[in-house]
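Since the structure comes first, as structure tokens, the remarks are kept for the end.
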Amino acid sequence: MAGGGFSKLPNGSVVVALTLPRPACNGGGSGAGPDGDGPVRVLVHAANRARALTRLRNLGLRAVYLRGNAEPPTPDEVTAVLHHPDGLLWRAAPQDAEELWHPIRALLRS
């Protein structure tokens, strides 16, 4: 598993950021973001780290683990996920400043 980390917010909730391989169910050609099989950066807002990982596992990303805090979310990433109604976003990694964040359903649709 690639890098990841978390940031605890003043209200007690957390934002978890993980760099994961692109899921096979997408095929790399969802129309959102660059085509290819490179890694993606996923952001999750939840009450705690365990719930954040559970949210991802419930979407079919079964082998998701957070070990350490090597790559915590940047302030821009925290802002992006807090302003999204689902609290789940992704974009290609390494990050391209011109690429926008996408809802998680755009990554997981086949």
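The values are calculated or read from the model by the stated rules, or taken from the named source; none is laboratory data. Owing to the predicted nature of the structure, the values given are computational and were not obtained by experimental measurement. Positions of Cβ are backbone-derived with ideal geometry, glycine not excepted, and every protein chain shown enters the neighbour counts.
Yes or no: the range 19-31 includes at least one residue that is modelled with pLDDT of 95 or more, over 19 Å from residue 95 (Cβ atoms) and either touching an Asp or Glu at 6+ places or on another chain (Cβ under 9 Å) or surrounded by 12 or more Cβ atoms within 10 Å (Cβ to Cβ) (or both).
No, the range 19-31 has no match at all.
Pairs, please: C-beta under 7 Å, at least 6 apart or cross-chain, first residue modelled with pLDDT of 95 or more and of a type in the set (Val, Ile, Thr) and in the range 3-15, second assigned to a loop (DSSP other than H, G, I, E, B) and crowded, with 18+ Cβ neighbours inside 10 Å?
15/73
Could you run through the range 96-109 and say how many residues are touching a residue at least 40 places away in the same chain (Cβ under 8 Å) and either out of contact with any helix residue (DSSP H, G or I) (no Cβ under 9 Å at 6 or more places or on another chain) or of a type in the set (Lys, Arg) (or both)?
Residues meeting the conditions: 7.
When you check residue 105 against the structure, is it over 20 Å from residue 11 (Cα atoms) and surrounded by fewer than 14 Cβ atoms within 10 Å (Cβ to Cβ), yes or no?
yes
Quick one: how many residues across the range 94-104 are in a helix (DSSP H, G or I) and in contact with a Pro (Cβ under 9 Å, 6 or more places away or on another chain)?
0
Need pairs with beta-carbon distance below 7 Å; first residue on the phi > 0 side of the Ramachandran plot and touching a residue at least 24 places away in the same chain (Cβ under 8 Å) and within the range 51-78, second outside any helix (DSSP H, G or I) and of a type in the set (Phe, Trp, Tyr); sequence gap 6+ or separate chains.
Taking only residues 6 or more apart or on different chains, not a single pair turns up.
Taking into account only those residues within the range 79-93 that are in a loop (DSSP other than H, G, I, E, B) and touching a residue at least 12 places away in the same chain (Cβ under 8 Å), which is surrounded by the fewest Cβ atoms within 10 Å (Cβ to Cβ)?
Among those residues, the one meeting the criterion is 86.
Restricting attention to the range 59-78, and to residues there that are in a loop (DSSP other than H, G, I, E, B) and aliphatic (A, V, I, L, M), which single residue is surrounded by the fewest Cβ atoms within 10 Å (Cβ to Cβ)?
63
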